[in-house]
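S.K.: Before we start, here is the structure in question, set down as structure tokens.
The values are calculated or read from the model by the stated rules, or taken from the named source; none is laboratory data. Note that this is a predicted model, so its numbers are computed, not measured. Because the Cβ atoms are built from the backbone with ideal geometry, glycine has one as well, and the counts that use them run over all protein chains shown.
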Amino acid sequence: MLNRLINAVVLGLVGPLFAAGVFSGMGPPVSTAGAAADAGTMALLYAGRLSDGNVEGILDLFADDISFIGGAPCNVTPCIGKAAVRPRLEAARATHVHLRLTSVGTEENGTIARARGEQSSDPIHACGLASLGVIFTVEVKGDKISRQSNVMDPADPRTAAFAACNASPAAATGPTAAPAPIILPPATGDAGLKCAQETSMGVC
């Protein structure tokens, strides 16, 4: 009788504590969906997934209205939205873009990350360069990247070398001139006028 009374008292005291989750690990799982993400962590995640060619994984990091700057066609004005960014990411995968962040700092309570890194790709290698220095910025809202910029470092001499390598031959030399007509020696008695007239018509 005494044992049953003790058990009842113990259960009466401990039961509510279990229900309230006072003991470590006993409470219901806490959802972290929508919790604020650290921009520095998101920057590193992006760099890793970009280097792996994981397009879907990158898009999962982005907000639906992501503002993205980094490579054509998103280099002059930002691409807005996942659908607009996807072709750029697929082009990066096709050219084996690899991004390694060398320094990452955060500000604004971890919602903005500013980083520097080294980026390589097939076009960069084709210009005889191992990599280019880049300036990388990420801004997060909630648990997604809302704004991202990845641009070449204008102070890095490799940037100028890469730009020169990719300069259009047409832009460097101007429009290609039409081939000069073949002028034959003057015919006796016409001072070459007949040949010149026929050349202008494409028959000389």
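S.K.: What is the number of the single condition among (1) modelled with pLDDT of 95 or more; (2) out of contact with any helix residue (DSSP H, G or I) (no Cβ under 8 Å at 6 or more places or on another chain); (3) polar (S, T, N, Q) that residue 121 does not meet?
M.R.: If we test residue 121 against (1) modelled with pLDDT of 95 or more; (2) out of contact with any helix residue (DSSP H, G or I) (no Cβ under 8 Å at 6 or more places or on another chain); (3) polar (S, T, N, Q), just (2) comes out false.
S.K.: Which residues, counting only those in the stretch 136-164, are under 23 Å from residue 82 (Cα atoms), surrounded by fewer than 16 Cβ atoms within 10 Å (Cβ to Cβ) and touching a Gly at 6+ places or on another chain (Cβ under 9 Å)?
M.R.: Residues of the stretch 136-164 under 23 Å from residue 82 (Cα atoms): 136-152.
Of the ones still in play, those that are also surrounded by fewer than 16 Cβ atoms within 10 Å (Cβ to Cβ) are 141-143, 151.
Passing the criteria: 142, 143, 151.
S.K.: Could you list, in sequence order, all residues of the stretch 109-136 that are charged (D, E, K, R) and either free of Cβ contacts under 8 Å to residues at least 24 places away in the same chain or in a strand (DSSP E or B) (or both)?
M.R.: First, the residues of the stretch 109-136 that are charged (D, E, K, R): 114, 116, 118, 122.
Matches in the stretch 109-136: 114, 116, 118.
S.K.: Here's a check for you: in the stretch 59-105, which residue that is more than 20 Å from residue 44 (Cα to Cα) and hydroxyl-bearing (Ser, Thr, Tyr) is surrounded by the fewest Cβ atoms within 10 Å (Cβ to Cβ)?
M.R.: The extreme case among them is 77.
S.K.: Just give me the residues in the stretch 74-116 being of a type in the set (A, V, I, L, M, F, W, C) and closer than 21 Å to residue 38 by Cα, in sequence order.
M.R.: Initially, the stretch 74-116 is screened for residues of a type in the set (A, V, I, L, M, F, W, C), giving 74, 76, 79-80, 83-85, 89, 91-92, 94, 97, 99, 101, 104, 112-113, 115.
Once the filter is applied, which keeps residues that are of a type in the set (A, V, I, L, M, F, W, C) and closer than 21 Å to residue 38 by Cα, the stretch 74-116 yields 99, 101, 104, 112, 113, 115.
S.K.: Does residue 90 satisfy the criteria of being at pLDDT 95 or above, in contact with a Lys or Arg (Cβ under 9 Å, 6 or more places away or on another chain) and under 22 Å from residue 69 (Cβ atoms)? Quick ask: steps written out before the conclusion?
M.R.: Working: at pLDDT 95 or above: yes; in contact with a Lys or Arg (Cβ under 9 Å, 6 or more places away or on another chain): no; under 22 Å from residue 69 (Cβ atoms): yes.
So residue 90 does not fit the description; no.
S.K.: Which ones in the stretch 90-149 are under 13 Å from the mean Cα position of the chain (by Cα), of a type in the set (D, E, K, R) and farther than 19 Å from residue 63 by Cα?
M.R.: 93, 100, 118
S.K.: Moving on to the next point. Being in contact (Cβ under 8 Å) with a residue 24 or more places away in the chain, out of contact with any Lys or Arg (no Cβ under 6 Å at 6 or more places or on another chain) and assigned to a loop (DSSP other than H, G, I, E, B) is the filter here; which residues of the stretch 55-74 pass it?
M.R.: Correct list: 70 only.
S.K.: Kindly indicate whether any position in the stretch 128-135 is surrounded by 10 or more Cβ atoms within 10 Å (Cβ to Cβ), modelled with pLDDT of 95 or more and of a type outside the set (A, V, I, L, M). Step through it out loud before you land on a result.
M.R.: Residues of the stretch 128-135 surrounded by 10 or more Cβ atoms within 10 Å (Cβ to Cβ): 129, 131-135.
So of that shortlist, the ones also modelled with pLDDT of 95 or more come out as 129, 131-135.
Subset that is of a type outside the set (A, V, I, L, M): 131, 133.
Yes, because at least one residue in the stretch 128-135 is surrounded by 10 or more Cβ atoms within 10 Å (Cβ to Cβ), modelled with pLDDT of 95 or more and of a type outside the set (A, V, I, L, M).
S.K.: Okay, moving on. Here is a list: 111, 95, 77. Which entry is of a type in the set (S, T, N, Q), over 23 Å from residue 130 (Cβ atoms) and in contact with a helix residue (DSSP H, G or I) (Cβ under 9 Å, 6 or more places away or on another chain)? Even if it seems obvious, please write down each step before you answer.
M.R.: Values: 95 fails: over 23 Å from residue 130 (Cβ atoms); 77 fails: in contact with a helix residue (DSSP H, G or I) (Cβ under 9 Å, 6 or more places away or on another chain).
It is 111.
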